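Input: a single structure, listed below in structure tokens.
The values are calculated or read from the model by the stated rules, or taken from the named source; none is laboratory data. Source: prediction; values computed, not measured. When we count neighbours, we look across all protein chains shown, and the Cβ atoms used for this are built from the backbone with ideal geometry, even at glycine. Each accessible area value is taken on the protein alone, full model and side chains, heavy atoms only, with ligands, DNA and RNA left out. Shrake-Rupley method; radii C 1.70, N 1.55, O 1.52, S 1.80 Å.
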Amino acid sequence: MAAPADWQHFQCHRQFQYNLPVVAEYRLPLSLKRYVRICRAVVFAGLMLIGCTAIKPANAAELAECREMLIRGDYESCIHASHEAISKNRYGETWPLVKAQAEFAIGQFDASLMTIANGLNRYSWSIRLRWIARDAALRSGREELADALLTEIRTLIKQFPWRYTDAEEIVILGLIDDLDGRDAREILDERFEKAKLRSRTSREPWLAIGQLALNKNDAALAADNFKAALVVFPDDPDFTSGLARAVASSDRQAAMAGIAAALTANPKHIPSLLFQLDGLIDAEDYDAAIALVDRVHLIDAQQPEAWALRAAIAHLTNDLRGEVAFRDKALARWTGNPRVDHLIGRKLSQHYRFREGAAYQRRALTLKPDFAPAQRQLAEDLLRLGEETEGWKLAQTAYDADSYNVATYNLLELHDEIGRFTTLQDDSFTLRMQADESQLYGVEVLELLHRAKQTLGAKYGLQLNDRITVEVFPNEDDFAVRTFGMPAVSGYLGVCFGRVITANSPASRRENPSNWQAVLWHEFCHVVTLELTHNRIPRWLSEGISVYEELQQNPAWGQRMDPRYREHILSDGLTPLGQLSSAFMRPESGWHLQFAYFESALAVDFLVKHFGQDALRAVLGDLNSGLPINVALDRRCATLPELESRFEAFAKKQAESLAPDVEWDKPNLEELIAGDGDSLAAWVTDHPRNFIGLMALVARQLADDKWKDAEPTLQQLIHIYPAYIGGDNAYERLAGIYQKLDRPADERRVLEQFTLISDDTVPANLRLLELQTAASDWTALEQTARRLFAIDPLLRQSHSALAVVGEKLDRPALASRALSRLLLLDPDDPADIHYRLAQTLYSQGQLDEAKRQTLMALEEAPRFRDAHRLLLKIVRESSPGQAVPARHNTSRSQ
């Protein structure tokens, strides 16, 4: 069969030019026999040469210096130095290899191929030169040439396997194995680790291991590998950048620091620049992102990933013509490159444009049907769109092709777990929960979702006809896999993709509880805003509206101004509105991320108070039409500079008005505490409204067990700042004093004040249950039990209290529901619960179920006299006119 024209040009014309005429048939340049004979002669001659004139040390030093230029991004100097060495007939395939790599790095693919063609004149056996030539051929759109080069490499390896045993060559064998679909574990063990052992000074095995781990979403292996590599190759930008990418999902600050270090070592390091570009797009800082695209193209004018991300920016800014044009540029040289459409689609999906993202993944799969990254991303997109049948099927296909990939494996493990969930469904919602949890509070979840749909739909003018899927996960890692594709992503309570909501259940939040009702209200508000805008809403506005609507629904939900927020705002810590989305992507700490939510809600409050709810709805409508947020705000509210100035003034006024009775000056606590015991108390006497001084004084009083002294201090703190509910709040500490002093009425009064303004406190509500039960205040007990239920419905105490309320107030339906749920929570005395449930069912005329519960009570406690009596009553009423034999069993005490 005749060879592809590209291959003929490459093999036969030593100064490669793409458009030269065909001059030779495609065949290996030498027969096997002749090739071996000549190789032996070359080896013999080489040995004689070494024996006569050893390679000068200067040659090795020059080569090391040239490699360092390549690593540090001095590509032009590297090209010049290697060209000089080649011109002087310096021996070694590394010279043309380094020159070709430097040319490749700046997008000079024709020059790179020419360098390799000339190099193969002298090093015809080199698979390293052919491998870089294959990459250059692909990047320049010569796919037939790339295939021919790969065939040549395979043939050489097959004919002369004994020749290719250097570390770099073993790495190429592993890369070919990966192309052939060999198991990644085998490639790591039998190729890359072997190569690493072969040469401790070669970078290639470390790079290959790290890149394979990143490709397979094995962040832990990638991070360990790159950390170890940096011990051997300190400050190497490839390894520093690789480590940054490995830890990006778990430690964004460390990742950014690593990228900065890589760019310090090599300012032209394109992988690091692309990482920064990706982050700028996520932060919606599009102007800076475009500038960075331009910077990348100053290095490599045809860099396809940069053009792909530029196309994504165009889509996100509603520049449809630009989107097409930039995608065309990304594909200009290599039209069959599936990574371009995959990258554009992945970036759109990260901005919740799942339908558009899925369309791009389908484009990528049209170019390369077995392209695994696009298969995985499309599966995730479809699952987030609620198209589960096709999504799970595609995930299985991706797994069958690559069982090592951590993300795909986790996704299919999750599929099995979700299959064990219970589904509750009506016309509006599909709710999936763990079986016991669905019985404990599934009905209440659906009731809350329907209230949110009615309330928020009416407020924002949304008629929602499609069914919304809600999945509640008792395992935080399962939630993370469903939401982010990988486990061990903490800090999120719930996420909304549009028509799919995922949430952590209270079971996963026992140590740090939150109010599940507030979480679901927040997430359903995202459904409304995402639907109204077709997912075109910026992060800050979407989060701001959701937190704002939490507060509108229940003043105890959401976030409120506190002393630290106040200080941050008055210290010019606000992020300008035009950059507010970036605060979610690049927070300095978890606290700064929470402040981003608070500031966003404050911004929405500002917009509503100054321009009205109708203006906010109009902004959402403009976003739906494709207008950028700044244009929409300009049309409906004011120009961005004016809004930023007015919002800053509004926020500072809100901060200054926090607790107007409080004096916020900071005393020199170190000096006051270091003095005699009365210094701090005397200072507070002179400054009775100083919050910081009062907090320091009460901390000392409680540490010294001076409860009587602490009581008025805590009362003063509540008086001057009644809305403070931080972890060191005065309410809980004052209630603790009253408990120690055996003053239950005062303790109850303080705790009731506190629980009305705090939505996630478990200990205070548990103590209130005890106090209200002792006082036989059944109405108050029900309110407290429902508050506790909204925080953690897996606690027995809330159900037990509601059962008592139902029994005491003759509300058997309430009692029977609570008792039924108690049985799911492993009660201490199941016989008593079964018996009480039987009584409530009997009172409602449900004789068959009452009989069953009575028998279950007797199964637990066979001599339970009251249960026997109840059973006799049930049997008599179930079978009137039928004699029931007398029983002579003795009484049973529980």
Amide H within-cut-off set for F429, under 5 Å, with H built and near neighbours excluded: I468
Most positive-pole-ward Cα, L771, G845, P830, against dipole of region 760-847 from beta carbon charges: G845
Pair L320, N512: separation of 7 Å Cα→Cβ label points (nm): 4.4
Packing-based order for 784-792, 577-585, 824-832, 428-436, using average beta carbon neighbours within 10 Å, highest first: 784-792, 577-585, 428-436, 824-832
Relative contact order %, region 425-524, counting alpha carbon pairs below 8 Å whose residues are six or more apart: 28
Tensor-based shape of the chain (alpha-carbon gyration tensor, a/c under 1.5 rounded, otherwise prolate or oblate): prolate
Length-normalised contact order for region 735-873 - Cα pairs under 8 Å, 6+ apart - percent: 13
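In a shell of Cβ-Cβ distance under 10 Å around K459, excluding K459 itself, what net charge do Lys and Arg (+1) and Asp and Glu (-1) give?
For residues surrounding K459, the net value is 0.
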Relative contact order of region 469-610, defined on C-alpha pairs under 8 angstrom at six or more residues apart (%): 19
Percent accessible area from carbon and sulfur atoms, region 590-682, protein chains only, probe 1.4 Å: 49
Estimated Rh, region 72-129: Kirkwood, alpha-carbon pairs, angstrom: 11.1
Local electrostatic count at L263 - Lys and Arg +1, Asp and Glu -1, tallied over other residues with Cβ under 15 Å: -1
Amide H contacts under 5 Å for N690, placed H, 5+ residues apart: E663
Largest-first ordering by accessible area, 1.4 Å probe, given options H868, H719: H719, H868
Cα centre as origin, Lys/Arg/Asp/Glu Cβ charges: region 198-285 dipole, Debye: 420
Part-to-part distance (alpha-carbon centres) for region 682-706 and region 513-540, which is given in Å: 42
Charge tally in the Cβ shell below 13 Å around A745, where Lys, Arg are +1 and Asp, Glu are -1, A745 excluded: -2
Shape of region 191-261, Cα gyration tensor, a/c cut at 1.5: oblate
Full-extension gain in nm, R163 to D294, via 0.36 nm per residue minus C-alpha separation: 42.8 nm
Rounded FRET efficiency, nearest 0.05, which uses the C-beta distance separating E68 from R786 and R0 of 60 Å: 0.30
Residue among L212, L385, P234 farthest towards the positive dipole end of the chain, charges placed on Cβ: L212
Q439 paired with L825, simple spin-label distance in nm, labels 7 Å along Cα-to-beta-carbon: 1.4
Sulfur and carbon atoms: percent of accessible area, region 142-295 [1.4 Å]: 51
Cα shape, region 542-585, gyration tensor, a/c 1.5 rule: oblate
Additional length obtainable on full extension of the chain from N475 to E671, 0.36 nm per residue less Cα span: 65.7 nm
Region 421-465 - percent of accessible surface contributed by carbon and sulfur, probe 1.4 Å: 44
Dimensions in Å of region 643-717 - Rg and Dmax from alpha carbons: 15.8, 52
Pairwise label distance in nanometres, E588 with S403, each label 7 Å out on the Cα-Cβ vector: 4.9
Cα lying deepest toward the dipole's positive end in region 287-426, options L412, A398, L367, charges on Cβ: L367
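Treating only the Cβ atoms of Lys and Arg (+1) and Asp and Glu (-1) as charged, compute the dipole magnitude of region 382-439 about its Cα centre; round to the nearest 20 debye. Display every interim value, and only then the final one.
On the way: 4 positive and 12 negative charges, 17 e Å.
In debye, rounded to 20, region 382-439 gives about 80.
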Length released on extending from S490 to V631, taking residue separation times 0.36 nm less the Cα-Cα span: 47.3 nm
Computed helical MRE - 222 nm, the chain, DSSP H runs ≥ 4 contributing -39500 (n - 2.57), nearest 500: -21500 deg cm²/dmol
Amide N proximity, region 468-506 versus D416 label position 7 Å along Cα-to-Cβ, cut-off under 17 Å: 475, 477-479, 481-482, 487
Ranked by how many other beta carbons lie within 10 Å on average, peptides 136-146, 725-735, 641-651 from highest: 136-146, 725-735, 641-651
Rounded Å value of the spacing that divides the Cα centres of region 467-503 and region 764-779: 35
Calculated FRET value between S878 and L756, using beta carbons and R₀ = 41 Å, to 0.05: 0.30
Simple Cβ-charge dipole of the chain, Lys/Arg +1 and Asp/Glu -1, about Cα centre, in debye nearest 20: 2620
Spin-label proximity, R185 to region 373-411 - amide N less than 12 Å from point 7 Å beyond Cα toward beta carbon: 403-405
